[in-house]
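Have a look at the structure below, then the notes.
The values are calculated or read from the model by the stated rules, or taken from the named source; none is laboratory data. Keep in mind that what you see is a predicted model, and the values were worked out from it rather than measured. For neighbour counting, all protein chains shown are included, and Cβ atoms are generated from backbone atoms with ideal geometry for every residue, glycine included. These accessible areas exclude ligands, DNA and RNA; they are computed on the full protein's heavy atoms, side chains included. Shrake-Rupley method; radii C 1.70, N 1.55, O 1.52, S 1.80 Å.
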Amino acid sequence: MKEPKRSVGLELLRQVAENATEILPADIDILTAQLGREPRGLVGIGARCACGVPAVTVTYPRLPDGSPFPTLFYLSLPWAVKAVSRIESAGEMAQMNERLGCEPDLAQSYAGAHLIYVKRRNLLEEIPQIGGKSAGGMPDRVKCLHALAAYALAAGKGICRFGDEVLERIGWDPDRCRCARS
(Lines give C-alpha, C1' and ligand atoms only; values in the text may rest on other atoms or scores of the structure.)
Protein backbone atom coordinates (compact mmCIF):
# COMPACT_ATOMS: atom_id res chain seq x y z
CA MET A 1 0.00 0.00 0.00
CA LYS A 2 1.42 3.37 -1.00
CA GLU A 3 1.68 5.89 1.80
CA PRO A 4 0.20 9.31 1.16
CA LYS A 5 2.85 11.80 0.10
CA ARG A 6 3.40 14.83 2.28
CA SER A 7 3.17 18.21 0.69
CA VAL A 8 5.36 21.05 1.89
CA GLY A 9 5.23 23.40 -1.08
CA LEU A 10 8.01 24.17 -3.52
CA GLU A 11 9.18 27.34 -1.74
CA LEU A 12 9.89 25.47 1.50
CA LEU A 13 11.29 22.49 -0.39
CA ARG A 14 13.82 24.77 -2.13
CA GLN A 15 14.89 26.16 1.25
CA VAL A 16 15.59 22.60 2.34
CA ALA A 17 17.34 21.62 -0.89
CA GLU A 18 18.43 24.13 -3.51
CA ASN A 19 18.01 21.58 -6.32
CA ALA A 20 14.71 20.16 -5.09
CA THR A 21 11.65 19.59 -7.20
CA GLU A 22 8.18 18.42 -6.31
CA ILE A 23 7.23 14.78 -6.64
CA LEU A 24 5.97 13.94 -10.12
CA PRO A 25 3.34 11.23 -10.71
CA ALA A 26 5.90 8.70 -12.03
CA ASP A 27 8.49 9.35 -9.28
CA ILE A 28 7.04 6.95 -6.69
CA ASP A 29 7.19 3.99 -9.08
CA ILE A 30 10.69 4.93 -10.23
CA LEU A 31 11.92 5.30 -6.65
CA THR A 32 10.30 2.01 -5.66
CA ALA A 33 12.24 0.30 -8.45
CA GLN A 34 15.48 2.12 -7.52
CA LEU A 35 15.22 1.38 -3.79
CA GLY A 36 13.62 -2.06 -3.96
CA ARG A 37 10.86 -0.75 -1.65
CA GLU A 38 8.42 2.12 -1.53
CA PRO A 39 10.00 5.38 -0.37
CA ARG A 40 8.98 6.39 3.15
CA GLY A 41 8.28 9.91 4.30
CA LEU A 42 8.97 11.36 0.86
CA VAL A 43 8.40 15.11 0.57
CA GLY A 44 10.34 15.90 -2.59
CA ILE A 45 13.10 15.03 -4.97
CA GLY A 46 16.41 16.56 -3.89
CA ALA A 47 18.13 16.17 -7.24
CA ARG A 48 17.49 14.52 -10.57
CA CYS A 49 19.53 12.89 -13.29
CA ALA A 50 19.85 14.90 -16.51
CA CYS A 51 16.97 12.81 -17.93
CA GLY A 52 14.68 13.78 -15.04
CA VAL A 53 14.80 10.52 -13.06
CA PRO A 54 15.08 10.99 -9.28
CA ALA A 55 18.67 10.84 -8.01
CA VAL A 56 18.11 11.98 -4.39
CA THR A 57 15.04 11.90 -2.18
CA VAL A 58 14.06 14.44 0.45
CA THR A 59 12.60 12.62 3.44
CA TYR A 60 10.47 14.07 6.19
CA PRO A 61 12.23 13.85 9.59
CA ARG A 62 9.41 11.76 11.04
CA LEU A 63 8.26 8.67 9.17
CA PRO A 64 4.55 7.93 8.78
CA ASP A 65 4.72 5.42 11.64
CA GLY A 66 5.93 8.25 13.92
CA SER A 67 9.57 7.20 14.22
CA PRO A 68 12.24 9.91 13.94
CA PHE A 69 14.34 9.73 10.76
CA PRO A 70 17.51 11.87 10.67
CA THR A 71 18.43 11.16 7.03
CA LEU A 72 17.04 14.11 5.09
CA PHE A 73 18.69 13.30 1.74
CA TYR A 74 18.96 9.77 0.35
CA LEU A 75 20.90 8.80 -2.78
CA SER A 76 18.65 6.70 -5.02
CA LEU A 77 20.04 6.75 -8.58
CA PRO A 78 21.48 3.24 -9.09
CA TRP A 79 24.49 4.37 -11.15
CA ALA A 80 25.50 6.89 -8.47
CA VAL A 81 24.88 4.42 -5.63
CA LYS A 82 27.16 1.85 -7.28
CA ALA A 83 29.84 4.40 -8.12
CA VAL A 84 29.90 5.72 -4.55
CA SER A 85 29.97 2.16 -3.19
CA ARG A 86 33.15 1.52 -5.19
CA ILE A 87 34.79 4.54 -3.55
CA GLU A 88 33.69 3.42 -0.09
CA SER A 89 35.00 -0.11 -0.66
CA ALA A 90 38.35 1.32 -1.79
CA GLY A 91 38.83 2.77 1.71
CA GLU A 92 38.32 6.44 0.92
CA MET A 93 36.43 7.07 4.17
CA ALA A 94 39.52 6.22 6.23
CA GLN A 95 41.53 8.80 4.28
CA MET A 96 38.81 11.40 4.71
CA ASN A 97 38.68 10.76 8.46
CA GLU A 98 42.44 11.18 8.60
CA ARG A 99 42.14 14.49 6.75
CA LEU A 100 39.55 15.69 9.27
CA GLY A 101 42.17 15.29 12.00
CA CYS A 102 44.95 17.01 10.03
CA GLU A 103 43.15 19.82 8.20
CA PRO A 104 41.47 22.28 10.60
CA ASP A 105 39.79 24.24 7.79
CA LEU A 106 38.27 21.04 6.42
CA ALA A 107 37.08 19.98 9.87
CA GLN A 108 35.50 23.41 10.39
CA SER A 109 33.80 23.24 6.98
CA TYR A 110 32.50 19.75 7.76
CA ALA A 111 31.12 20.91 11.12
CA GLY A 112 29.44 23.80 9.31
CA ALA A 113 27.91 21.40 6.78
CA HIS A 114 26.50 19.42 9.70
CA LEU A 115 24.86 22.53 11.19
CA ILE A 116 23.39 23.51 7.83
CA TYR A 117 22.00 19.99 7.37
CA VAL A 118 20.25 20.08 10.75
CA LYS A 119 18.92 23.59 10.07
CA ARG A 120 17.49 22.48 6.72
CA ARG A 121 15.85 19.40 8.23
CA ASN A 122 14.37 21.52 11.03
CA LEU A 123 12.58 23.61 8.41
CA LEU A 124 10.35 20.58 7.90
CA GLU A 125 9.97 19.72 11.59
CA GLU A 126 12.14 19.82 14.70
CA ILE A 127 12.31 16.37 16.22
CA PRO A 128 13.93 16.36 19.71
CA GLN A 129 15.12 12.73 19.42
CA ILE A 130 17.32 13.61 16.42
CA GLY A 131 18.01 17.25 17.33
CA GLY A 132 21.79 17.31 16.96
CA LYS A 133 22.14 14.45 14.49
CA SER A 134 22.68 14.76 10.78
CA ALA A 135 23.98 12.10 8.38
CA GLY A 136 27.14 10.64 6.92
CA GLY A 137 28.97 10.76 10.26
CA MET A 138 28.95 14.54 10.49
CA PRO A 139 30.34 16.45 12.29
CA ASP A 140 33.06 14.22 13.77
CA ARG A 141 33.77 11.52 11.22
CA VAL A 142 33.03 10.31 7.72
CA LYS A 143 30.72 7.32 7.92
CA CYS A 144 28.63 7.21 4.72
CA LEU A 145 29.70 8.67 1.41
CA HIS A 146 26.26 7.99 -0.07
CA ALA A 147 24.69 10.38 2.43
CA LEU A 148 27.34 13.03 1.78
CA ALA A 149 26.96 12.74 -2.01
CA ALA A 150 23.17 12.98 -1.68
CA TYR A 151 23.57 16.07 0.50
CA ALA A 152 25.90 17.72 -2.01
CA LEU A 153 23.54 16.97 -4.91
CA ALA A 154 20.50 18.32 -3.09
CA ALA A 155 22.09 21.35 -1.41
CA GLY A 156 24.33 22.39 -4.28
CA LYS A 157 28.07 22.72 -4.64
CA GLY A 158 30.11 24.28 -1.84
CA ILE A 159 28.00 23.20 1.15
CA CYS A 160 29.46 19.74 1.82
CA ARG A 161 33.06 19.51 0.61
CA PHE A 162 33.36 15.76 1.07
CA GLY A 163 30.13 15.27 -0.85
CA ASP A 164 31.46 17.52 -3.61
CA GLU A 165 34.68 15.49 -3.73
CA VAL A 166 32.75 12.23 -4.01
CA LEU A 167 30.65 13.60 -6.86
CA GLU A 168 33.78 14.73 -8.64
CA ARG A 169 35.39 11.30 -8.19
CA ILE A 170 32.40 9.47 -9.65
CA GLY A 171 32.24 11.86 -12.59
CA TRP A 172 28.82 13.29 -11.78
CA ASP A 173 27.67 15.63 -14.53
CA PRO A 174 24.25 17.25 -14.12
CA ASP A 175 23.95 17.41 -17.91
CA ARG A 176 24.69 13.74 -18.58
CA CYS A 177 22.28 10.85 -18.07
CA ARG A 178 23.80 7.75 -16.53
CA CYS A 179 20.59 5.82 -15.88
CA ALA A 180 21.40 3.11 -18.43
CA ARG A 181 24.94 2.61 -17.03
CA SER A 182 25.68 0.40 -14.07
Taking the Cα centre of the chain as origin and charging only Cβ (+1 Lys, Arg; -1 Asp, Glu), how large is the dipole, in debye to the nearest 20?
-> 260 debye
Net length gained if the chain between ARG99 and GLU22 were fully extended (0.36 nm per residue, minus Cα distance) = 24.1 nm
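Could you work out the longest stretch of the chain that avoids the GluC sites (Glu not before Pro) located in DSSP loops with at most 13 other Cβ atoms within 10 Å?
Values: sites that count: GLU125, GLU126.
Counting only loop sites that pass the neighbour cut-off, the longest clear stretch is 1-124.
Using only the Cα atoms of the chain, construct the convex hull and provide its projected area averaged over every direction, in square nanometres to one decimal. Before the final figure, lay out each step's value.
Details: hull surface 39.8 nm².
If I average the Cα hull's projected area over directions, I get 10.0 nm².
Provide the gained length on full extension for the span LEU63 to GLN15, in nm with one decimal, where the gain is 0.36 nm per separating residue minus the Cα-Cα distance. Walk me through the numbers on the way to the answer.
Values: separation 48, 0.36 × 48 = 17.28 nm, distance 2.03 nm.
Going from the current span to full extension adds 15.2 nm.
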For the peptides 51-57, 132-138, 110-116, 33-39, what is the packing order when you average, over each peptide's residues, the other Cβ atoms within 10 Å and list the highest mean first?
-> 51-57, 132-138, 110-116, 33-39
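Using Cα pairs closer than 8 Å and at least 6 residues apart in sequence, work out the relative contact order for the stretch 50-182, in percent.
Relative CO of the stretch 50-182 lands at 32 percent.
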Would you kindly enumerate the cysteines in the chain that have no other Cys beta-carbon under 4.7 Å from their beta-carbon?
-> CYS49, CYS102, CYS144, CYS160, CYS179
Counting only protein chains, not ligands or nucleic acids, how are TYR74, TYR117, TYR60 ordered by accessible area (probe 1.4 Å), most first?
-> TYR74, TYR60, TYR117
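Can you tell me the length gained on complete extension of the stretch THR32 to ARG176, counting 0.36 nm per residue apart and subtracting the Cα distance? Can you show the working numbers first?
Numbers: separation 144, 0.36 × 144 = 51.84 nm, distance 2.26 nm.
Fully extending the segment from THR32 to ARG176 adds 49.6 nm.
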Residue among CYS160, LEU100, LEU124 farthest towards the positive dipole end of the chain, charges placed on Cβ | LEU124
If ligands, DNA and RNA are left out, what is the accessible area of THR21 with a 1.4 Å probe, given in Å² to the nearest 10?
-> 40 Å²
